[in-house]
1. For R197, project a label point 7 Å along Cα to C-beta. Then give me every residue of the stretch 136-172 with its amide nitrogen under 12 Å of that point.
2. Could you tell me what fraction of 2.2 N^0.38 Å the Cα radius of gyration of the stretch 9-97 comes to, as a two-decimal ratio?
3. Using a Förster radius of 41 Å, what is the FRET efficiency between F206 and D26 based on their Cβ-Cβ separation? Nearest 0.05, please.
4. From the residues N33, I96, S81, which one has its Cα farthest along the dipole of the chain in the positive direction, the dipole being from +1 and -1 charges on Cβ of Lys/Arg and Asp/Glu about the Cα centre?
5. Using alpha carbon centroids, what distance separates the stretch 117-151 and the stretch 58-116, in Å?
6. At 222 nm, what helix-only mean residue ellipticity would the chain give, in deg cm²/dmol to the nearest 500, using -39500 (n - 2.57) for each DSSP H run of four or more?
7. So which trypsin sites (Lys or Arg not before Pro) in the stretch 1-68 are both in a DSSP loop and have at most 14 other Cβ atoms within 10 Å of their Cβ?
8. Just to confirm, what accessible area per residue do you get for the stretch 96-151 at 1.4 Å probe, in whole Å²?
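The values are calculated or read from the model by the stated rules, or taken from the named source; none is laboratory data. This is a predicted model, so every value here is computed, not measured. Cβ atoms come from the backbone with ideal geometry, glycine included; neighbour counts cover every protein chain shown. Just so you know, the surface numbers come from the protein's heavy atoms only, side chains and all, with ligands and any DNA or RNA stripped out. Shrake-Rupley method; radii C 1.70, N 1.55, O 1.52, S 1.80 Å.
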Amino acid sequence: MAEIPTAAISRLVTYLRILESLELQDVSRTSSNDLAERAGVTAFQVRKDLAYFGRFGTRGMGYTVPILKRELVRVLGLNRSWNVVIVGMGRLGQAIANYPGASDYQFQYVGLFDVHPDLVGQQVRGLKVDHIDTLSEFTRLNAVDMGFLAVPPERAQDAAQALADAGVKGILNFAPTVIQPRAAERAGQQEISDEWRGVIVENVDFLAGMKRLAFYILNPHLKDAPAPEEPA
């Protein structure tokens, strides 16, 4: 498979959201032009993004909405269950835990963790908040695919390290800071330490988004415009 740009994966998520909306409206067929208009991209971009993963439509007839939706669910790995723990159960962590719809995509919260004595022991959506020191024991007894970090920025690195040490391979970081994998020296060179091998970190930085938005409001002409239509 060719190297797939990160932006293309983000657009697949947008296409899936559009297809779900169309299905709710009992729309059975769509086209690259229709998806493009709804997603704010070009039809060529839609076709290019989908072509990374196969052929889903018929020239001149477009796409069958339920079939394309099913295929995007498969491509994005949303046809299987994902077990998630949340580290940091303050206001943000509790808001994430209570956010509706996660279970619709097979994301199941299986563990909640914090260090604050006022939070440890509380119940949130039927789960008890445990101390972060018990995380490794928890993952030894329970399969965990992802960890969400909802901690203050000064604690994010230690919390991410705790997840990596516990064998969690996917980290969604809501703290406005960069997570640095631990390095180990081997043969005189710095390499990523073993517990970080294969760990994927995704950052969700609300403040960075607000800063970009402020800049583009003041400089709308600098915002990337859709690329011109190219031949299929």
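1. From the stretch 136-172, the list is empty.
2. 1.29
3. Once the sixth-power term is evaluated, E becomes 0.70.
4. N33
5. Value for the Cα centre distance between the two parts: 19 Å.
6. After summing the helix terms and dividing by the residues of the chain, the value is -11500 deg cm²/dmol.
7. Values: sites: R11, R17, R29, R38, R47, K48, R55, R59; in loops: R55, R59.
Listed in order of number, the matching sites are R55, R59.
8. Numbers: 3150 Å² over 56 residues.
Ligands and nucleic acids excluded, the result is 56 Å² per residue.
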